[in-house]
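Just below is one structure, and these are the notes that go with it.
The values are calculated or read from the model by the stated rules, or taken from the named source; none is laboratory data. Please read these numbers as outputs of a predicted model, since none were measured by experiment. Using ideal geometry, Cβ is built from the backbone for each residue, glycine included, and neighbour counts are taken over all protein chains shown. All accessible areas refer to the heavy atoms of the entire protein, side chains included, with ligands and DNA or RNA removed. Shrake-Rupley method; radii C 1.70, N 1.55, O 1.52, S 1.80 Å.
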Amino acid sequence: MSTEEKNTPSNFIRNIIDNDLAENKNNSNVVTRFPPEPNGFLHIGHAKSICLNFGLAQEYSGKCNLRFDDTNPEKEDDIYVKSIKEDVKWLGFDWGDTEYHASDYFEKLYLFAIELIKSGNAYVCSLQGDQIREYRGTLKEPGKNSPYRDRSIEENLDLFEKMRKGEFKDGEHVLRAKIDMSSPNINMRDPIIYRIRNVEHQRTGNEWSIYPMYDFTHCLSDSIEGITHSICTLEFEDHRPLYDWVLDTLNTPCHPQQIEFARLNLEYTVMSKRKLLELVDSDKVNGWDDPRMPTISGMRRRGYTPAAIKEFCERIGVTKKDSSIEMGVLESCIREDLDSAAPRAMAVLDPVKITIENYPEDKEELVIAKNHPNDPEMGTREIPFCREVYIERDDFMEEPPKKYKRLTIGQEVRLRYAYIIKCENVIKDENGNITEIICSYDPETKGGKTQDGRKIKGTIHWVSSRHAENAEIRLYDRLFSIANPDKGEGGYIDNLNSESLNILKNCKLEPMLAESENRDIRYQFERIGYFYRDKISSEESGNLTYNRIVTLRDSWTKAKK
RNA sequence: UGGGGCGUCGCCAAGCGGUAAGGCACGGGGUUUUGAUCCCCGCAUGCGUAGGUUCGAAUCCUGCCGCCCCAGCCA
């Protein structure tokens with residue numbers, strides 16, 4: 001760690017590593033790996049693992065490999081490896097010169113399998129799928145030995161070679177580790193380590209007809225790469241005896257330590273690639289990078305920053321306890337990052353026009369606005385002002401509640417950085433909807449300061465009607481309507497929030513927000529929230545489109561309830 | 001008694017036998033040309049529960065209760 005020593009809280013994995021280091025295990029090296037399967041896009045849960053693995057490596061001056069766990073050609077695709085690399089890089093992590101793939105070890109793995117057969121620890125089983133299941137027993141009853149369990153080493157070798165050569169159909173045979181069919185741990189009941197799949201692999205093409213299973217591949221890949229701490233999620237805890245068995249039984253370079261932690265659950269969303277894929281495939285969302293998705297690509301498009309995501313992963317901690325994190329934690333992280341970093345701007349989402357009757361019809365002037373209220377170094381800008389300006393429809397109320405300090409008939413309010421105005425009259429259409437608000441202004445208050453020292457309680461934002469840029473603004477809300485979508489009535493799909501996307505088409509922006517050189521800046525639209533230009537929409541259609549990253553905290557709406 | 005895990009504030013989480021950190025949320029107050037930010041203050045005589053060991057227990061022991069994971073030729 002070079003720069004600022006931020007107080008990172010301890011966790012049980014750091015404790016384990018500290019102890020290992022104290023005992024000089026692994027020559028005091030720390031080597032971790034992030035091992036995604038390229039069968040989907042990465043999500044915030046993966047970010048937790050990425051931050052953990054790469055973070056530990058950084059912290060202990062070790063290294064972290066990026067390894068694609070690509071042993072199931074039927075589900076995997078190169079587009080996923082591309083997106084995964086983009087996401088990891090965007091988060092700010094560096095996997096060095098080497099991009100690892102389990103498929104690069106297929107030959108080595110094959111040799112290890114032969115070693116296993118030769119030592120009498122693996123056999124070719126010719127039972128069919130349902131028979132294998134039957135022989136496996138149940139959670140409470142032991143399994144029974146396969147009739148093929150005692151094939152000779154020669155026969156096994158011969159059969160396995162033929163499997164490799166593609167002489168069999170899918171499913172005809174499998175290679176199994178010979179362990180213990182009566183083990184209380186089902187993973188130890190002669191687990192399958194190779195299966196026949198006559199399909200093309202995205203990287204090895206048609207070179208192989210057999211593919212190794214996770215339990216065989218993962219531990220050996222870790223060992224080949226000299227991993228010291230192999231960190232995975234809780235559901236693999238039961239697999240650890242097998243992980244250790246393979247490495248103990250074979251002659252391997254080293255024996256990494258598998259450590260399990262609890263995967264991330266976030267309220268109001270789902271965190272499984274299968275479910276996210278389903279949302280994409282069934283068009284419930286607009287692709288993997290839909291800004292409502294908990295995917296890294298979705299969050300990136302929405303406007304989240306790598307810093308906020310990393311801070312989030314730091315705050316939630318690492319334990320073995322199942323937990324579900326409140327959205328508020330994530331929101332707090334992005335607000336914290338953006339509060340100091342985001343330049344301010346003014347935008348009106350739901351415009352209503354006000355006419356300042358005592359302001360000259362043809363007059364226009366520029367007012368000076370700070371780009372950040374607490375950071376003078378961010379400078380100022382000039383904003384055009386004229387007789388008609390748009391303000392937020394709900395910044396005016398005819399019958400205001402107590403403590404209301406915005407615009408209402410007879411009450412003064414400040415147009416931020418411009419003038420103090422007072423509402424004189426309201427014009428409505430035949431349905432009683434307000435179409436225009438008539439105000440007067442105090443010419444002595446340019447910039448928003450009063451000459452006589454009178455206090456103005458409220459300040460509202462505005463955009464000059466003559467200079468406004470029209471824009472589409474997309475407001476996002478939680479993807480699901482209940483905290484734990486999997487536990488509600490029906491399936492998780494039934495719990496989707498129908499109001500997760502709200503598209504506003506008639507928004508008014510101050511001119512600066514339309515300039516193309518400001519395309520990649522995250523802004524705070526004052527009094528509303530943080531926004532980021534949507535790359536895809538803005539580029540494809542030419543329409544100016546902003547995504548809301550997160551709202552500002554709002555104690556007023558809260559207080560009213 | 002199938003096996004493996006986990007139970008500390010509403011949500012996370014430190015703590016590793018010496019008398020309950022911190023964050024988010026929440027409540028109260030102050031500053032403020034964003035009802036934002038910022039700044040103060042408050043927020044577990046209590047660590048799933050019942051016993052036991054000890055001068056002393058969230059930490060050690062025993063029982064009980066609750067929750068999660070495992071029977072893919074997925075990872």
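Run A:Thr551 past the list (1) away from RNA strand B (no atom under 16 Å from the Cβ); (2) closer than 18 Å to A:Arg302 by Cα; (3) among the polar types (S, T, N, Q) and report the number of the one that doesn't hold.
It is condition (1) that A:Thr551 fails.
Taking A:Ala22 as meeting all but one of (1) aliphatic (A, V, I, L, M); (2) within 30 Å of A:Lys275 (Cα to Cα); (3) surrounded by fewer than 15 Cβ atoms within 10 Å (Cβ to Cβ), write down the number of the exception.
If we test A:Ala22 against (1) aliphatic (A, V, I, L, M); (2) within 30 Å of A:Lys275 (Cα to Cα); (3) surrounded by fewer than 15 Cβ atoms within 10 Å (Cβ to Cβ), just (2) comes out false.
Any residue at all in the range A:155-172 that is touching a Leu at 6+ places or on another chain (Cβ under 7 Å), modelled with pLDDT of 95 or more and near RNA strand B (Cβ under 9 Å from one of its atoms)?
Scanning the range A:155-172 turns up no residue that is touching a Leu at 6+ places or on another chain (Cβ under 7 Å), modelled with pLDDT of 95 or more and near RNA strand B (Cβ under 9 Å from one of its atoms).
Counting only residues that are under 38 Å from the mean Cα position of the chain (by Cα) and polar (S, T, N, Q), which one in the range A:450-464 is nearest to RNA strand B (Cβ to nearest atom)?
A:Thr459
Test A:Glu517 against the stated conditions and say whether it is open to solvent by 20 Å² or more (accessible area, probe 1.4 Å), in the same structural domain as A:Pro294 (by TED's automatic domain parsing) and among the acidic types (Asp, Glu).
yes
Name the residues in the range A:73-112 that are within 14 Å of RNA strand B (Cβ to nearest atom) and crowded, with 18+ Cβ neighbours inside 10 Å, would you?
A:Pro73, A:Glu76, A:Tyr80, A:Val81, A:Ile84, A:Tyr100, A:His101, A:Ala102, A:Ser103, A:Tyr105, A:Phe106, A:Leu109
If a residue must be at pLDDT 95 or above and open to solvent by 40 Å² or more (accessible area, probe 1.4 Å), how many such residues does the range A:475-492 contain?
Residues in the range A:475-492 being at pLDDT 95 or above and open to solvent by 40 Å² or more (accessible area, probe 1.4 Å): 5 in total.
Please work out if A:Ile309 is closer than 30 Å to A:Ile224 by Cα and either in contact (Cβ under 8 Å) with a residue 40 or more places away in the chain or within 11 Å of RNA strand B (Cβ to nearest atom) (or both).
No; evaluated as a whole, the condition is false for this residue.
Which helices (runs of 4 or more DSSP H) sit wholly inside the range A:255-348 and have at least 1 residues that are β-branched (Val, Ile, Thr) and crowded, with 20+ Cβ neighbours inside 10 Å?
It comes to A:296-302, A:306-316, A:327-341.
Would you check if A:Phe54 is more than 16 Å from RNA strand B (Cβ to nearest atom) and open to solvent by less than 20 Å² (accessible area, probe 1.4 Å)?
yes
Restricting attention to the range A:226-238, which residues are more than 27 Å from the chain's Cα centre (by Cα) and within 15 Å of RNA strand B (Cβ to nearest atom)?
A:Asp238
Just to be sure, is A:Asp394 open to solvent by 30 Å² or more (accessible area, probe 1.4 Å), part of a helix (DSSP H, G or I) and either out of contact with any His (no Cβ under 9 Å at 6 or more places or on another chain) or not aromatic (Phe, Trp, Tyr) (or both)?
Yes, satisfied.
When only residues in the range A:240-295 that are acidic (Asp, Glu) and under 30 Å from A:Leu175 (Cα atoms) count, which is farthest from RNA strand B (Cβ to nearest atom)?
Checking each candidate, the answer is A:Asp248.
Somewhere in the range A:530-545, is a residue under 19 Å from A:Pro343 (Cα atoms) and within 15 Å of RNA strand B (Cβ to nearest atom)?
Checked the range A:530-545: at least one residue is under 19 Å from A:Pro343 (Cα atoms) and within 15 Å of RNA strand B (Cβ to nearest atom).
Restricting attention to the range A:113-123, which residues are surrounded by 22 or more Cβ atoms within 10 Å (Cβ to Cβ) and either more than 19 Å from A:Arg195 (Cβ to Cβ) or within 40 Å of the chain's Cα centre (by Cα) (or both)?
Scanning the range A:113-123 gives a single hit, A:Ala113.
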